[in-house]
Ligand SMILES: [Zn+2]
């Protein structure tokens, strides 16, 4: 059987038990710890759960956060002055 390291190095595309690429992947579940995906080998019928960790972000579409309302005095000078 392959170790976790060998399995990750192969990008998890082969069964760690029999080496078959005939895998069936279930739905991905995500929580604060990471993501999990159940996998079943269609060749030897072993089953396990792939684990994923957050590694960063990509394709940032940055928006400007809305200005926070505050009641400090300097805001009064930003208002139009009606004399
Ligand atoms: Zn297998």
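Read the figures in this text as sums done on the coordinates, not as results from a lab. These numbers were taken from a predicted model, which means no experiment stands behind them. Please note: Cβ atoms are built from the backbone with ideal geometry, for glycine as well, and neighbour counts cover all protein chains shown.
Do you know which residues across the range 6-20 are part of a helix (DSSP H, G or I) and within 20 Å of the chain's Cα centre (by Cα)? 7, 8, 9, listed by residue number.
When residues in the range 21-53 are screened for being part of a loop (DSSP other than H, G, I, E, B), within 16 Å of the ligand (Cβ to nearest atom) and touching a strand residue (DSSP E or B) at 6+ places or on another chain (Cβ under 6 Å), 2 of them pass.
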